[in-house]
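J.: Here you go, one structure.
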Amino acid sequence: MLMNGRLFSKKSVIPETFIGLCHNDNFMTKINSSTLKNILKTMIDIRTLEEAIAEQYSQQKMRCPTHLSIGQESPPAVLSSLLTKEDQAVSTHRAHAHYIAKGGDIDALIAEIHGKVTGCSSGIGGSMHLIDKAVGFMGSTAIVGGTIPIGVGLALAKQIKKEPGIVVVYLGDAATEEGVFYEAANFAAVKKLPVLFVCENNLYSVYSPLACRQPKTRKIFELAQAIGLNSSQCDGNDIPSAYNELTQAVDNVRAGKGAGFIELSTYRWREHCGPGFDDHLNYRDSEEVAYWKDKDPIKQLTEHLLSEQLISNNELSALKTKSENKVAQAFKKALLAASPQLKNLEHLVYAK
Ligand SMILES: Cc1ncc(C[n+]2csc(CCOP(=O)(O)OP(=O)(O)O)c2C)c(N)n1
Ligand SMILES: [Mg+2]
């Protein structure tokens, strides 16, 4: 089998459901170079800040659980290049990348993970409970599937009030195994709501591979299609394929063609929850991990931009340095900021 120019003859490291999702360089040339650079910048910001979280986590200043998206930065980075401020998004326990890509503030995210008042959720939410209405980021939650009906509700409100924009509901592959997904997806399909479900299929629910949770031949996007959502699937770590498919999916929802669903294959490099690695638990093959690391979306896009002379080495290092400085400043500010006061707890938790 030939995937992304590499030959796998022994055992396939690609699950059946992803076979055929190939790299397509032709699409890359159709994407405007400034869009590609913005996508790269967003991915670098996400990776830089998450690597800094991983590095500093053991200092015990960040006391909430964190789920890192290192390795799966491309779906939100590509999607957000197609969204506007009028569009809204809801997210999952693995929310940092979604928040930053939607225009979220690095200072506010780092402060939130440190439990400080300057955090986007005023320091009482932590990594998994991010909200920032100013950028249309309407919430994330630790309950798998918990924000799916909230996103559908936001889309219903947009439809009733005739407000512009669409709603993006980020979900993991495991969230499609929750009953609430079917209820919400059915309602969105029936009402033709302006909502796009964006499923990041990283093959795992904690340590359980998709293959032991769902029939091997099932494709998640086909299941969504059967519910009545306009569905598609693509290689989420392949920027041109993701850009092409996401453009079509977003355009269809914007055009009022009904609720959509897109499944993007991707992979987390680190442990399910926490700053380290959990591969010693042997729940996934080292060959599989190596395959996905080789499909690093940042590496792929950097190589393309350099080889096409769309970015210089100097520009690239400036981009990285700027991101590192911004993240370092964010940590400094977070450590100096105040903690929330108990008297404000009720005010911060309940909506009026
Ligand atoms: C309703 C519910 N069931 C179980 C859990 C425990 N849990 C936390 S994350 C997770 C895996 C979710 O997998 P997926 O949706 O694919 O997202 P990923 O972690 O792979 O990004 C599980 C089972 C939970 N938080 N909520
Ligand atoms: Mg998963």
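The values are calculated or read from the model by the stated rules, or taken from the named source; none is laboratory data. Source: prediction; values computed, not measured. Ideal geometry is used to build each Cβ from the backbone, glycine not excepted, and the neighbour counts take in all protein chains shown.
For every residue, the table says whether it meets (1) touching a strand residue (DSSP E or B) at 6+ places or on another chain (Cβ under 8 Å); (2) in contact (Cβ under 8 Å) with a residue 60 or more places away in the chain; (3) within 28 Å of Gly151 (Cα to Cα).
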{"site": "Gly258", "(1), (2), (3)": "yes, yes, yes"}
{"site": "Thr266", "(1), (2), (3)": "yes, yes, yes"}
{"site": "Gly274", "(1), (2), (3)": "no, yes, yes"}
{"site": "Leu335", "(1), (2), (3)": "no, yes, no"}
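J.: For the stretch 172-187, enumerate the residues that are more than 13 Å from ligand 2 (Cβ to nearest atom) and not hydrophobic (A, V, I, L, M, F, W, C). Don't jump to the end; show me each part of the working.
T.: Going residue by residue through the stretch 172-187, those that are more than 13 Å from ligand 2 (Cβ to nearest atom) are 179-187.
Selection gives Gly179, Tyr182, Glu183, Asn186.
J.: Being charged (D, E, K, R) and closer than 13 Å to Ile166 by Cβ is the filter; apply it to the stretch 245-264 and report the residue that is surrounded by the most Cβ atoms within 10 Å (Cβ to Cβ).
T.: From the stretch 245-264, those charged (D, E, K, R) are 245, 251, 254, 257, 263; that's our starting set.
Those still in the list that are closer than 13 Å to Ile166 by Cβ too: 251, 254, 257.
Details: Asp251: 12, Arg254: 17, Lys257: 12.
Of everything passing the filter in the stretch 245-264, Arg254 is surrounded by the most Cβ atoms within 10 Å (Cβ to Cβ).
J.: Limited to the stretch 179-200, what total is found for residues that are surrounded by fewer than 20 Cβ atoms within 10 Å (Cβ to Cβ) and within 16 Å of ligand 1 (Cβ to nearest atom)?
T.: Result for the stretch 179-200: 4.
J.: Contact list please: Cβ distance under 6 Å, first residue in the stretch 201-228 and within 27 Å of Asp278 (Cα to Cα), second residue away from ligand 2 (no atom under 16 Å from the Cβ), pairs at least six apart or on different chains.
T.: From residues that are within 27 Å of Asp278 (Cα to Cα), the pairs are Lys216/Glu16.
J.: Consider the stretch 201-233. How many of its residues are more than 16 Å from ligand 1 (Cβ to nearest atom), touching a helix residue (DSSP H, G or I) at 6+ places or on another chain (Cβ under 6 Å) and modelled with pLDDT of 95 or more?
T.: Kept after step one, since they are more than 16 Å from ligand 1 (Cβ to nearest atom), are these residues of the stretch 201-233: 215-217, 222, 225-232.
From what is left, the residues that are touching a helix residue (DSSP H, G or I) at 6+ places or on another chain (Cβ under 6 Å) are 216, 227-232.
When the remaining residues are screened for being modelled with pLDDT of 95 or more, the result is 227-232.
Residues meeting the conditions: 6.
J.: Here's something else I'd like to know. May I ask you to list the residues in the stretch 143-160 that are more than 16 Å from ligand 2 (Cβ to nearest atom) and either without any contact (Cβ under 8 Å) to a residue 24 or more places away in the chain or surrounded by 24 or more Cβ atoms within 10 Å (Cβ to Cβ) (or both)? Steps first, please.
T.: The first filter runs over the stretch 143-160 and keeps only residues more than 16 Å from ligand 2 (Cβ to nearest atom), leaving 149-160.
Residues satisfying the conditions are Gly151, Val152, Gly153, Leu154, Ala155, Ala157, Ile160.
J.: Another one. In this structure, is Ala242 crowded, with 20+ Cβ neighbours inside 10 Å and closer than 17 Å to Asn201 by Cβ? Break it down stepwise before answering.
T.: Working: crowded, with 20+ Cβ neighbours inside 10 Å: yes; closer than 17 Å to Asn201 by Cβ: yes.
Taking the combined requirement at face value, the residue satisfies it.
J.: Sticking with this one: For the stretch 198-214, how many residues meet the condition of being in contact with a Pro (Cβ under 9 Å, 6 or more places away or on another chain), part of a helix (DSSP H, G or I) and more than 11 Å from ligand 2 (Cβ to nearest atom)?
T.: So the answer is 1.
J.: Moving on. Which of the following residues is basic (Lys, Arg) and either surrounded by fewer than 17 Cβ atoms within 10 Å (Cβ to Cβ) or over 16 Å from the mean Cα position of the chain (by Cα) (or both): Arg284, Arg268? Show your work before the answer.
T.: Details: Arg268 fails: either surrounded by fewer than 17 Cβ atoms within 10 Å (Cβ to Cβ) or over 16 Å from the mean Cα position of the chain (by Cα) (or both).
The conditions single out Arg284.
J.: Taking the stretch 311-341 on its own, how many of its residues are within 24 Å of Asn237 (Cβ to Cβ) and either loosely packed, with under 11 Cβ neighbours inside 10 Å or modelled with pLDDT under 95 (or both)?
T.: 2
J.: Here's a follow-up. Being part of a helix (DSSP H, G or I) and among the hydrophobic types (A, V, I, L, M, F, W, C) is the filter here, so list the residues in the stretch 86-130 that pass it.
T.: Filtering the stretch 86-130 down to residues part of a helix (DSSP H, G or I) leaves 96-101, 106-113.
Passing the criteria: Ala97, Ile100, Ala101, Ile106, Ala108, Leu109, Ile110, Ala111, Ile113.
J.: May I ask you to say which residue of His129, His98 is within 22 Å of Gly274 (Cα to Cα), touching a residue at least 12 places away in the same chain (Cβ under 8 Å), within 16 Å of ligand 1 (Cβ to nearest atom) and touching a Phe, Trp or Tyr at 6+ places or on another chain (Cβ under 8 Å)? Please lay out each step first, then the result.
T.: Details: His129 fails: touching a Phe, Trp or Tyr at 6+ places or on another chain (Cβ under 8 Å).
Being within 22 Å of Gly274 (Cα to Cα), touching a residue at least 12 places away in the same chain (Cβ under 8 Å), within 16 Å of ligand 1 (Cβ to nearest atom) and touching a Phe, Trp or Tyr at 6+ places or on another chain (Cβ under 8 Å) holds for just one of His129, His98, which is His98.
J.: Name the one entry in Val195, Val167, Val190 that is hydrophobic (A, V, I, L, M, F, W, C), away from ligand 2 (no atom under 16 Å from the Cβ) and more than 21 Å from Leu79 (Cβ to Cβ). Walk me through it before giving the result.
T.: Numbers: Val195 fails: more than 21 Å from Leu79 (Cβ to Cβ); Val167 fails: more than 21 Å from Leu79 (Cβ to Cβ).
After applying the criteria, what remains is Val190.
J.: Residue by residue through the stretch 300-335, note down the ones that are over 15 Å from Leu40 (Cα atoms) and of a type in the set (A, V, I, L, M).
T.: Residues satisfying the conditions are Val327, Ala328, Ala330, Ala334, Leu335.
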